[in-house]
Structure formats: C-alpha cells, structure tokens
Amino acid sequence: MTTASEDTAAKTAKKFSVDFKTLGPAIALLLLCIIGFMLNPAFVSEGNLTNLLTRSAFIGIIAVGATFVITAGGIDLSVGSMAAAISGVMIIVMNNAIETMGSGVPTVLLGCGIAILLGIGAGWINGALTTKGKIEAFIVTLGTMGIYRSLVTYFADGGTLSLNFDIRGTYRPVYYDSFLGLPFPVWVFIGVAICGWLLLNRTAFGRYCTAIGSNEAVAKYSAINVDRVKTLTYIIQGLCVSFATIIYVPRLGSASASTGVLWELEAIAAVIIGGTVLKGGYGRIGGTILGALILTTIGNILNFTDVISNYLNGTMQGLIIIVAVLLQRSDWKVSKSGKS
Amino acid sequence: MSMEVSASAAIIEAVNISKSFGPIPVLFSVSMDVRPGEVHALIGENGAGKSTLMKILSGFHDPTSGQIRLDGKRTPLPPNGAAEHLGIVLIHQELNLAEQMTVEENVFLGREIRTNGFLDRAAMRAEVQKYLDEIGLDILPTDRISKLTIAQKQMVEIVKAVSRNARILIMDEPTAVLTEEETEVFFRQVKKLKESGVGIVFVSHKLNEVKEIADRVTILRDGQWIDTRSSQDLTPDTMAQMMVGRELSDLYPPMHEADVDADVVLEVKNLRAQGVDNVSFGLRKGEILGFSGLIGSGRTAVFEAICGLSPIESGEIRLFGQDASNLSVAEARDAGLAYLTKDRKEKGLLLDKQMRPNLTLFALPKFVRNLSIDRKAEENALTRAIRRFDVRARDSSITVGKLSGGNQQKLLLAKVMECEPKIVIIDEPTRGIDVGTKQQIYHFIAALAAEGVSVVVISSEMPEIIGTCHRVVVMREGHITGILTGDHINENEIMRYAAGLKREELH
C-alpha cells in the first residue's frame, strides 16, 4: 500500500514539475492575451472575447477532427474545400425545399441533416481511398481537395450561392444568438471539444488511433482493425467539418469558391501548435483547442493595433507555428548534454 | 597457452573502463584487449554492458573513466564512427546499408573514386569485385542491396569494413538472424579475415557458436568484468554459468508427457496461402508443438494465415471443432488463439509508449467499462504482469524502447497472455535475449502447457525446439516435410528434413 501511494505521489510530483510540452500552448495563449491587453485594453472587452471565441469555433471544430486523423498517422487536406462544397449543397437544398416545406425550422433541419450526411460521406471517401485503395492520405486528400473546391465553383456557376432571405431569418440565430452569455457556435465548439477529448483519451478507439499512428504493424498484430479505425478518423473529420459548416452558413448566408480557403492549413496548424505530433502516435485535443485560439487571437490582435500591418497576419501565424514546434522538440536537453 | 597468445601485442586495449549514463553506472572498471588475428567473443546477459563496451571500443560512447589504448598508445577515439579512419569498424545489428543502392555504391559510400570530378564506376566495380572474390561471395557489385539475403548483406558490411582497411571489426550479434547454413558460410569468412590479421570482437548469445569460432572469451555480468579465458578452457555450459552466476543445469524445464488422447484444439487441412503450400497438422490441448525449418520456410506464414494476419487462399481450419477459416485477428483472439510475433520492435511493441498501454493493447476490449478504458484495471494488470513475468524496469513510466531486449520480450509475452489465450503461437520466443531470461521463458511455456494451454513454438534454434517441444513439425519451402515425435526429435533428423534430404510421406 505504501509503495502504491508513494508511486502516485511521485507521479503527481512529476506532473507538476513543469511539462513544457503540455503547458507551452497555454502559456503562449496567456502571453498573447497580455500583449493584446497592453496594446489595447479593449482586447479584453466582453464583446471582443466572445467574438474571438466565435471566430475560433470554425477552425477549432475542424481541428478537433484533424487531431484524430493526424494522431492515427494520416492527414486531411480537403477540409476547407469540403466545408465550401457542403455549404454550397446545403444552400441549394434549402432554397429548393422552400416550395414544399416552407422557410421554417424543418427546412433548416433538412439542410443540417444533408450537411451531416455529406460530411460523413466525404470523410468515408477519403478514408476508404486511403485504406482500401492504399493511396497515401496526402495524395488522396489533395485530390479530393481539388474536386470539392471545383464542385462548389460549378454549383455557384463561378459566382456566389445565396441562401433565400426568408430561411436566413430562421437560420440566423444559430450563429448570432447566445445562450447563457455565450454564442451558439461557442457551445458547439465546447461540445465537440469535450466529446473529442473523451473519445481520444478515454476510449479504446482513441487508444487505437494512437497505436496506429505510433506503429501500424504493431496495431495490426494487436488485433486492431487498422483500416476501420483509420476510416473512422476521416469520418470524424468529415462530421466535424459538417458541424463547422452548419454554424458557418448562417453567418454570411452564402457560399462561393472562396469559402473555407486555407482552412485546412489553419486546422493542421492548430493541431501542431497544440503539441500533436505530425507523424502520428501522440495527440492532444486540449492542445488543439488552445492552438485554434492562438491562431485566432493573433489575427484579432493585429486588428487592434497599427504596430504590425494586418496583412502580415499569415506571417505571424507562420512564425508561431515554427516557434511552437521548435519549443516542443524533446531532444533539446539531449543535444545540449552531448552526443548519443 | 597464455604465453603463446600474449606473444602478439594487442591492437586495441580497453583499460579499466567505467561508464555511467547520468547517475546510472553500467560498466565498472572493465578491461579487454583485442589482438591481431583473433576472434574475441564478448558474452553476458542482456544489460550486462556488452553493447556499451562495444560502443566505447568504437568511439560511439566516451568512457566515464579509464582509457583506450591503440597500439599501446593512449588514444581518445573520435566520435560517431570516425574511428573507422583508425581502422576500427563497428557493424551494427541493424545493418547500415542503403537498401536502394548497389553493393558497389554502398562499399564506396562517402569515399567514391573520382576522375575529373566524375565517378569512376569501372574502377570501383573492379575493386569491389576483387573483394567479393577474395571473400568468396557470389554476388555482383551491381546488385541492389534490397535484393540480397540478410547473410549476404552482412557480408557486404564486412567487405565494406575490409575495403576501409579495418584492423578491428566489432560485430554485434552477427549470427542472430542467420540460419545454420548461413552461419557456417559466415564463419568461413571470419576465419579468412582472421588469417589476414584482423582482430574481431564478436557478440553472440549462441554459446555453441562462441565455442566454435572464438579464440578468447570475455564474460561480463551486471557491468562487471568476470573473466577472460581461452575458449578451449570453456564449454557452453561453463560460459552460461559464468554469465548468470548460478547453475543453469535446468535451462529447459522437465517435460511432462503430452496426453496423446487430449482433444484436438486446432486442425489445419491443406492450407494454402502466400508462402504456404498444402500444410496440414493438428494441435492437441496442453501440447507444445515445435515448428522448425530454415528461415523463410513458411513457418511464420502458416500462423499469420491462421490468425487472420494474412489472407488464406484455400484450405480448412478448425478451431475447437468450429470452422475458423476466415477469422480476423480480433476474432481469432476472442476464440482463444493468439500469435506472438518474432519481430518485437517492429510488430510487437509500441517503443515510444509506456508499458501500460503496450500491455493492454491486444486485450483492450477487456478493459473497457461503460465505453471508456478502466485505467485502474490497467494499472492492476500491469502490476500483476510485472510480477508474473518478472519484467524489470527502472520505473513504470519509461518508454518500452528503453527496456532491454529480454524485458521487452517478457512484456510482449505478458501482452499476448493478457487475453488469456487457449492456444498461443510463440514465434522465436528467445531471439536476441540472454540465457537467464531464456530459462524463464522456457519454464513459462512448460507451465502454460501444464495448465492445458496449447503452445506452438516456432524457432530457428534447434536446442530450444528439442528441449521444449512434445512434437516437432519441420517445414521446407512452404510445405511440411516431416512431423517428429519422441526419440526422432534430434538435431540430425530435424536438419535432414529441413534441408530436404529426407521427406515423410504424409497422409
């Protein structure tokens, strides 16, 4: 008994002895907030903070899905295009349903249902091509990225698809209304994050994702259905894209070829900043959430200040990604203490 | 004896070498020397410090104290393989060859012969051909490494070393992955090198080989130098005893007679799969069935097919009387059938993870309560497994990659046993692990069988097959050439079936 309690005591002690890998993103976010406050106290106004959280919800939700894909050793480049394509189809379906179903809640629910089915379907296609088709995930999703993007352009005939004005009225609250002081998108974000965290950290499925990303052969020999688990990660990714799209469409009420451009890179960046290893085998949902918040915060701060041009948003985000990965390198100490 | 040997002065001497990694000492004032034209075997259990000593002798590690003398002069060795320029070459167990390049390109890698800035392929090819002829290796300089057998790759490593004027060749378990035939060829080359005055340090767990090839033997135990002796004064038994520090009279546990009337739990008929040609056999409850044969004879392929790891082309498999011809790995596991891979690093364990997730990965559904993993149950399982299998780790939070080979093997065994299989297939149960751990594993296998579990032992080490198995199936080129029982289980018989000199008419 004593040894057991000593054991746990030692373990908690270890957890407290600053684990930069885990705490890094949190510290970075805190620093950014302090900088934001110093540059302009309005940064911490309630309005700005809710705005910031709402904005980060899109990338954050998609990045939760990306955490699964990347942890299992895959990558999904198609998410931005997928979001655009799903928005497009959603809008077309809802506009056409007005005649039969009217412009009330049922039509919106129909649109949401379609979005979820499309997300699952698109994710399944990515997953099946990677596993059954034995094509590298990078190539598969590079291909579907092009396909989805061109589909939305085609549907919109090169222009913009706009949601019928009456439905917009019904759908609007999903983005603009609040519950207990927090906008709906933030609640969705929180819900997805909690589910994602439980799924990755507490279930056998999460353990299987980690094992596959760490060593696929070991996973196979350990009675894990590797193809099924990998396909499921892409389906989860697709589902996350659906959720993000559902809360995104009421914001502008339109979809065009420029919807969701570069979201895939922002999502992957959020995942990597959060400490998930790009080559798989180690994933952190909490880190991903922080990563998404960090990316949005940078853009937000640049809006607040004239010190750095807002056009340099991408530069700042890029720098943060590189610095984050440099700091996370576990071999810092080893390389300092000599060879081997 | 000793006068005669010491007549030739040592090329390299390690004097009172100690080494610590951080606070953990791994070598305590160890001394060893290598003379020209001798094979000096270095033996000891896993974790005895052999690898560390080899790395110090070749400059990959610095000693914490003590010195290296080269030709009698104190010489600090340059790091990271630069000691090659001094004629000291370490051949790693995982060979260091560029798989997609040719033999010639590999041999000259980093010091290509150039004329006018362009590669002089003809000159390099001729040079390599000369070495290949000398060593009697029947491959072309233009052959791609990926096409060669492991034994040939090893010879290419040696050619590479010789072409760099190696005076000391340090080899880490070169024969671990070789068949007996290949080992013989390998030993002929080693003898030639010896004659040309190269000093060879040779690490092996196969003590018969050590006896055969080595001139002198240095024994390490727990980081301490135990003895250096002429191999003529040693037998494999005495070597084993000195390594472990205790009697090893019972390396193999006493064998309980198998019950010939016990139920047949696994029956395979006319199985065909990739590398498997018309294989039929039966396995009884509580039986230990050996699978012998040369490497690549299809032993592993048979069981990967049975356990759902690779597809079956045709044939019938009955598990406890039920048809089981198309099981997934998980279904096989749930039916009580488990396969323990021979490749623990690549297919067995997640080296970058801790022991707990590794232990429970195979039997994970068992640890799920209300959709989530029961960590407490996992911790308990780990505590139990550590005790039952005697897994020794500094603390339970280190990654599995940092465990010694023997402890990794025990953990892998624990992982597979976690699903409480009724039939367990153990592929190369003791590859690359020390005598003490081997003994533990043999006893464990015997205990399992006594409890009524059926065990299949696939092994390239004949003594192991002979010492542990009730019946032995011998395979060659994808099919079974013989099934031996009782007195017929001996090295001669097995070898004749494995080499295709003898063939039983089955059915």
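Which value, in debye to the nearest 20, gives the size of the charge dipole of chain B about its Cα centre, when Lys and Arg are +1 and Asp and Glu are -1 at the Cβ?
Taking the Cα centre of chain B as origin, the dipole is about 1540 debye.
With every protein chain present, what accessible area does B:GLU451 have (1.4 Å probe, heavy atoms only), rounded to the nearest 10 Å²?
For B:GLU451, solvent-accessible area is about 130 Å².
For B:ALA98 and B:ASN278, what does the FRET efficiency come to when R0 = 35 Å and r is the distance between their Cβ atoms, rounded to the nearest 0.05?
Efficiency computed from Cβ-Cβ geometry: 0.35.
For the range B:161-219 and the range B:389-411, compute the distance between their C-alpha centroids and round to whole Å.
Measuring centre to centre over Cα atoms gives 29 Å.
Going by accessible area, probe 1.4 Å, with all protein chains left in place, what is the ranking of A:LEU109, B:LEU501, largest first? Before the final figure, lay out each step's value.
Details: A:LEU109 110, B:LEU501 135 Å².
Most to least solvent-accessible, the answer reads B:LEU501, A:LEU109.
Which residues does a label at A:PHE165 reach in the range A:237-279, if reach means a backbone N under 20 Å from a point 7 Å past the Cα toward the Cβ?
The answer is A:250-255, whose backbone nitrogens lie closer than 20 Å to the label point.
I want to check the label-to-label distance for A:ARG172 and B:ASN208. Put each point 7 Å from Cα in the C-beta direction and report it in nm to one decimal.
About 8.7 nm separates the two model spin labels.
Angle check, please: helix A:46-71 long axis (alpha carbons) against the longest principal axis of chain A (alpha carbons), in degrees 0 to 90, nearest 10.
So the inclination is approximately 70 degrees.
Between chains B and A, what is the buried accessible area summed over both chains (1.4 Å probe, protein heavy atoms, nearest 100 Å²)?
2300
What order do you get for A:200-206, A:47-53 when each peptide is scored by the mean count of other beta carbon atoms within 10 Å, highest first?
In descending order of packing, they fall as A:200-206, A:47-53.
Can you find, among A:PHE138, A:VAL241, A:SER56, the residue sitting farthest towards the positive end of the charge dipole of the protein assembly as shown, where Lys and Arg contribute +1 and Asp and Glu -1 at Cβ?
The one lying farthest along the dipole's positive direction is A:SER56.
Is there a simple number for the mean count of other chain Cβ atoms within 10 Å of the Cβ of residues in B:348-354, and what is it?
Taking all residues of B:348-354 together, the mean is 5.
Mind listing the phi-derived Karplus ³J(HN,Hα) values for the range B:91-104, rounded to whole Hz, using 6.51, -1.76 and 1.60 with θ = phi - 60°, and x for any glycine or proline?
Values, residue by residue: 9, 6, 5, 7, 4, 9, 10, 7, 4, 8, 9, 7, 4, 4 Hz.
Please list, ordered by chain and number, the residues whose modelled amide H lies under 5 Å from the amide H of B:ILE480; skip anything fewer than 5 residues away on the same chain.
Those lying under 5 Å, H to H, from B:ILE480 are B:SER280.
Would you give the gap between the C-alpha center of the range A:57-107 and the C-alpha center of the range A:182-216, rounded to a whole Å?
18
What FRET efficiency do you get for B:VAL264 and B:ASP222 if R0 is 45 Å and r is their Cβ-Cβ distance, rounded to the nearest 0.05?
0.45
Using only Cα atoms, find the angle between the long axis of helix A:2-16 and the longest principal axis of chain A, and express it within 0 to 90 degrees, rounded to the nearest 10.
With rounding to tens, the tilt is 60 degrees.
Please give every one of the aspartates and glutamates within straight-line cross-link reach of B:LYS347, meaning a C-alpha to C-alpha distance under 18 Å, and leave out same-chain neighbours fewer than 8 residues apart.
A:GLU216, A:ASP227, B:GLU94, B:GLU304, B:GLU418, B:ASP427, B:GLU428
Enumerate the amide H contacts of B:VAL276 below 5 Å, restricted to partners 5 or more residues apart or on another chain; note that Pro and chain-start residues carry no placed amide H.
none
Quick check: pseudo-label points 7 Å beyond the Cα along Cα→Cβ at A:ASN96 and B:ALA9, how many nm apart are they?
Between A:ASN96 and B:ALA9, the label points sit 9.4 nm apart.
Lysine pairs in chain A with alpha-carbon atoms under 16 Å apart, 8 or more places apart or on different chains: how many are there?
Lysine pairs, 8 or more places apart or on different chains, close enough: 7.
Take peptide B:200-211, look around each residue's Cβ out to 10 angstrom, count Cβ atoms belonging to other protein chains, and average those counts.
Rounded to a whole number, the mean comes out at 0.
Taking all protein chains together and a probe of 1.4 Å, list B:ASP71, B:ASP138 from the most accessible to the least accessible.
On the way: B:ASP71 80, B:ASP138 145 Å².
Largest to smallest exposure gives the sequence B:ASP138, B:ASP71.
Find the eigenvalues of the gyration tensor of the Cα atoms of the protein assembly as shown, then list the square roots of 5 times those eigenvalues as equivalent ellipsoid semi-axes, largest first, in whole angstrom.
Those come to 56, 34, 27 Å.
At a Cα cut-off below 25 Å, give the lysines reachable from B:LYS211, other chains included and same-chain residues fewer than 8 away excluded.
Partners within reach: B:LYS50, B:LYS55, B:LYS153, B:LYS191, B:LYS192, B:LYS194, B:LYS438.
If you roll a 1.4 Å probe over the protein assembly as shown with all protein chains in place, what percent of the accessible area is carbon or sulfur?
It is 57 percent, rounded to a whole number.
Based on Cβ point charges of +1 for Lys and Arg and -1 for Asp and Glu, what charge dipole magnitude is obtained for the range A:2-335 about its Cα centre, in debye rounded to the nearest 20?
Computed charge dipole of the range A:2-335: roughly 760 debye.
Quick one: if the Förster radius is 56 Å, what FRET efficiency do A:GLU136 and B:ASP323 give, using the C-beta to C-beta distance and rounding to 0.05?
0.90
Just the accessible area for A:CYS240, please: 1.4 Å probe, Å², rounded to the nearest 10?
So the heavy atoms of A:CYS240 present about 10 Å² to solvent.
What order do A:VAL229, A:VAL261 take when sorted by accessible area (1.4 Å probe), most exposed first?
Greatest to least solvent exposure: A:VAL261, A:VAL229.
Could you tell me the accessible area of A:ASP157 in Å² (1.4 Å probe, neighbours in place), rounded to the nearest ten?
Its accessible surface works out to 140 Å², give or take rounding.
For a quick check: with amide H placed at 1.01 Å from N, whose amide H comes under 5 Å from B:ARG471's, ignoring anything fewer than 5 positions away on the same chain?
Amide H neighbours of B:ARG471, under 5 Å, 5+ apart: B:ILE288, B:GLY290.
On a straight-distance basis, which lysines could pair with B:LYS285 in a cross-link, Cα separation under 19 angstrom, same-chain partners fewer than 8 positions away excluded?
Straight-line reach from B:LYS285, under 19 Å: B:LYS269, B:LYS422.
Where the only charges are on Cβ atoms (+1 Lys, Arg; -1 Asp, Glu), what is the dipole of the protein assembly as shown about its Cα centre, to the nearest 20 debye?
In total the dipole reaches around 2200 debye.
Could you give me the ³J(HN,Hα) list for the range A:136-142, computed from phi with Karplus coefficients 6.51, -1.76, 1.60 and θ = phi - 60°, whole Hz, x at Gly and Pro?
Ordered by residue, 3J(HN,Hα) equals 4, 4, 4, 6, 4, 6, 5 Hz.
In peptide B:466-476, how many Cβ atoms from other protein chains are near each Cβ within 10 Å, on average?
Per residue, the number of nearby Cβ atoms from other chains is 0 on average.
Report the label-to-label distance for A:LEU30 and B:LYS502 in nanometres (one decimal), using points 7 Å from each Cα along the Cα→Cβ vector.
That separation, rounded to one decimal, is 7.5 nm.
The values are calculated or read from the model by the stated rules, or taken from the named source; none is laboratory data. What you are looking at is a predicted structure, and each value in this text was computed from that prediction instead of being measured. Positions of Cβ are backbone-derived with ideal geometry, glycine not excepted, and every protein chain shown enters the neighbour counts. Accessible surface areas use protein heavy atoms only, side chains included; no ligands, DNA or RNA. Shrake-Rupley method; radii C 1.70, N 1.55, O 1.52, S 1.80 Å.
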